[in-house]
Amino acid sequence: MGYLPKDADQLKTMLAKRNLTLIGATHVHTFSLIETSNKFHADMQAQGELLASLGAKHLVVMDESNVYPSGQLGMITPDARQQMYADLTKSHTMLAETFGIALSFHPHIGTCVELEAQIDDLLKNTPLNLCLDTGHHAFWDQDPLAYMQRVWDRIDYMHLKNVDPNVCARVLSGEISVQESLAAGVMCPLAEGAVEIAAVMDFLRARDFQGPVVVEQDVAGDATETPLELARRNYSYIAEMSQA
């Protein structure tokens, strides 16, 4: 979580003041370090207890990108990857059986699961479904909608995000790094990027998707709009689309 208190009573009070309902949380873990396995399971237990106390049904997990050396983002040993699969499988079962919570995996740029072949391998070797992020999927010139169609039965959580194709091209050419692209505004407002968000929404509606759909917006280092202004712009875009 990080932005909200982890004490259940404090969190309930904070949410109630804003008339909000908690649907889930996201947990970031250093899967590249095998020795953190026990901590991962302890964290999953703690997260499960907190989320269940508030009626939430989803927990999203992803790899930590900040631990990788520059130029070696997402490079994980085969042993660490197998340990990750084992840890994810064990926690998936524990959370479902103990708390009734679904554990989903979020493929993310700069981590050990970001390319379609890596996602396919995770789906093959674990029972987890995906939190599919349209922006992170499109970052490496992958088609999120085509992939959604291919693995539809393994998606139970969505992040709507878009990417600036011009900035992505600079990463693909080697001109700038992944980290530099974030400061350059690669994660652009929903209406402006490479992903056809309207087509994604049409697909979700056609399939009667019942999982959470979260709009995310990173803020570029030289952004002229505040986070609130960007949020309002994205909200208006989604609202207009829903009325069409």
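The values are calculated or read from the model by the stated rules, or taken from the named source; none is laboratory data. Here the structure is a predicted model, which is why all the values come from computation and not from measurement. No Cβ is skipped: glycine too gets one built from the backbone with ideal geometry, and neighbour counts run over all protein chains shown.
Observations, loosely collected:
- Which listed residue is touching a Gly at 6+ places or on another chain (Cβ under 6 Å) and either free of Cβ contacts under 8 Å to residues at least 12 places away in the same chain or under 26 Å from residue 89 (Cα atoms) (or both), from 147, 157: 157
- Hey, residue 211 part of a loop (DSSP other than H, G, I, E, B) and at pLDDT below 95 or not: no
- In this entry, residue 222 passes the filter for residues that are of a type in the set (Asp, Glu), part of a loop (DSSP other than H, G, I, E, B) and more than 14 Å from residue 159 (Cα to Cα).
- The residue of region 193-219 that is farthest from residue 159 (Cα to Cα), among those that are loosely packed, with under 15 Cβ neighbours inside 10 Å, more than 17 Å from the chain's Cα centre (by Cα) and touching a residue at least 12 places away in the same chain (Cβ under 8 Å), is 207.
- The helices (runs of 4 or more DSSP H) located wholly in region 6-117 that include 1 or more residues which are modelled with pLDDT under 95 and out of contact with any Asp or Glu (no Cβ under 8 Å at 6 or more places or on another chain) occupy 8-17.
- Any hit, region 120-128, residues being closer than 23 Å to residue 187 by Cα, surrounded by 15 or more Cβ atoms within 10 Å (Cβ to Cβ) and free of Cβ contacts under 8 Å to residues at least 40 places away in the same chain: no
- Boolean, residue 142 is assigned to a loop (DSSP other than H, G, I, E, B), within 18 Å of the chain's Cα centre (by Cα) and without any contact (Cβ under 8 Å) to a residue 40 or more places away in the chain: yes
- Test result for residue 186, in contact with a Cys (Cβ under 7 Å, 6 or more places away or on another chain), surrounded by 15 or more Cβ atoms within 10 Å (Cβ to Cβ) and among the β-branched types (Val, Ile, Thr): yes
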